[in-house]
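Values in this text are rule-based calculations from the coordinates and carry no lab data. This structure is a prediction, so every number in the text was calculated from the model and none was measured. Ideal geometry is used to build each Cβ from the backbone, glycine not excepted, and the neighbour counts take in all protein chains shown.
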Amino acid sequence: MGSNNKFNPLNLCRENVKLLDPYTSARDEYVSNGNKMIFLDANENPNETGVNRYPDPLQRSLRTEIAILKNVTENQLLFGNGSDEVLDLLFRAFCEPNKDAVITFPPTYGMYGVLAAINSVQVHEIPLTTSFNIDIEGYRKKQYSKAKILFICSPNNPSGNLMDSMHVEEILQTFDGLVVVDEAYIDFTESQSWSNRLLEFPNLVVIQTLSKAYGLAGIRLGMLMASDQIISILQKIKPPYNVNELTQLKALERLAQKERIQKEVREIIVERKRLENALKFMPFVKEIFPSEANFVLVRVDQADQSYAQLLDQGIVVRNRSKQLHCENTLRFTIGTPNENNTLIETLNKL
């Protein structure tokens, strides 16, 4: 682990990816000049259905909007079929199967481990502290020469807390591989996104999604922000039409509703605080972990029993008790005011 002044992602990249001649379509090269075109290049059905044409493989309209929204350049953006696809692309571009490793800070988002297993990549775990913060001393003691990627979920899932920015910065300065900051829940915090510091840290990768604050989980649109060098490596291996036409259109439609999105986010934060306040007075609640996400992690006396009782009442929550430091915990997603009323009433009856 050393300094990153001369970080070059090509030095991390798999040899077969460096040599890869990527698939290209005529649509990659075609840019409309405003005239009506006759498309006879892609063996499509010519009869209009609204989706008979392949989607824009470069997602140009969406890229322009998101670049403005996130204050990044268009060549610092990559879109995927949910965040899980862009995370998988990182493994496939940079980690040699049966040779390389990644680092995680459990308890954290479960897909990092699943994707590592799928790609035959070893996982080195540095557990978070019992208050769900990065164990920076534990990180300093580890020397993983085979580790290519390090994952930091902030705000963290399942605990909901932001990671200490000083710790993240130290890792960015000392880790020789890619540092992936997963910000799926960043819109529910007052904190600045790490995407504002991409130019400062050439090994930084930021993941965000439209699933949470933007209410678009059903369209599966994840985004990755990084240096143009990292993006160009990932562009080589992404499927050509990985973001479908309906997803692109629905995302653009929703992005135009800025005031509505902000109002919904504000309401979720107000409701989160209301739920936390209600939980404080419930005798079976032992601990409420501070959250900057759209959920609250709560330690209770009998998580399995409470989970089953809620299910009997038609309320589905997440039992996180099997994760590290999460014994007897339930995770409550913040619902609508009416849904939260029902949850609070039901919990009081229990």
**Prompt:** Efficiency by 1/(1 + (r/R0)^6): what FRET value for D312 and S232, r their Cβ-Cβ distance, R0 = 41 Å, to the nearest 0.05?
**Reply:** 0.20
**Request:** Quote the relative contact order of segment 67-145 in percent (integer), defining contacts as alpha-carbon pairs under 8 Å separated by 6+ residues.
**Result:** 23 percent
**Message:** Just to be sure I understand: with springs between alpha-carbon atoms less than 10 Å apart, which residue in G113, G314, G160 has the highest mean-square fluctuation in the Gaussian network model of the chain?
**Reply:** G314
**Complete:** Ranked by GNM mean-square fluctuation in the chain (Cα springs under 10 Å), the top entry among P155, P55, P106 is P55
**Complete:** CD proxy, 222 nm, the chain: helix-only mean residue ellipticity via -39,500 (n - 2.57) per DSSP H run with n ≥ 4, per residue, nearest 500, stands at -10500 deg cm²/dmol
**Prompt:** So what does log10 I(q)/I(0) come out to for segment 8-145 at q = 0.18 Å⁻¹, using the Debye formula with one equal point on every Cα and no solvent?
**Reply:** -1.22
**Asked** Can you list the lysines whose alpha carbon is less than 20 Å from that of K6, not counting same-chain residues fewer than 8 positions off?
**Response** K18, K146, K148
**Asked** Could you put V205, V17, V179 in order, starting from the residue whose Cβ has the fewest other Cβ atoms within 10 Å?
**Response** V17, V179, V205
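Which value results when the Cα radius of gyration for segment 193-302 is divided by 2.2 N^0.38 Å?
Values: Rg = 18.8 Å, N = 110, 2.2 N^0.38 = 13.1 Å.
Ratio of Cα Rg to 2.2 N^0.38 Å: 1.43.
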**Reachable lysines, given that their alpha-carbon falls under 20 Å from the alpha-carbon of K286 and they are not under 8 places away in the same chain** = K273, K322, K349
**Fill in**
Counted neighbours (other Cβ, 10 Å), sorted fewest up, put D304, D312 in the order D312, D304
**Prompt:** Say we join alpha carbon atoms closer than 10 Å with springs in a Gaussian network model of the chain; which of K258, K148, K36 then has the biggest fluctuation?
**Reply:** K36
**Asked** Taking N as the number of residues in segment 259-349, what is its alpha-carbon radius of gyration divided by 2.2 N^0.38 Å?
**Response** 1.06
**Item:** Antiparallel DSSP beta bridges within the chain, as percent of all bridges there, nearest 5
**Value:** 55 percent
**Asked** For the chain, what is the convex hull volume of the alpha-carbon atoms per residue, in Å³?
**Response** 159 Å³
**Message:** Rounded to two decimal places and with Rh computed the Kirkwood way over Cα pairs, what is Rg over Rh for segment 93-218?
**Reply:** 0.94
**Fill in**
Rounded to the nearest Å, the spacing of the alpha-carbon centers of segment 243-297 and segment 56-124 is 23 Å
**Request:** Take every Cα pair under 8 Å in the chain that's 6+ residues apart, average their separations, divide by the length, and report that relative contact order as a whole percent.
**Result:** 19 percent
**Asked** For segment 195-273, which GluC sites (Glu not before Pro) are in a loop by DSSP, counting at most 14 other Cβ atoms within 10 Å?
**Response** E200
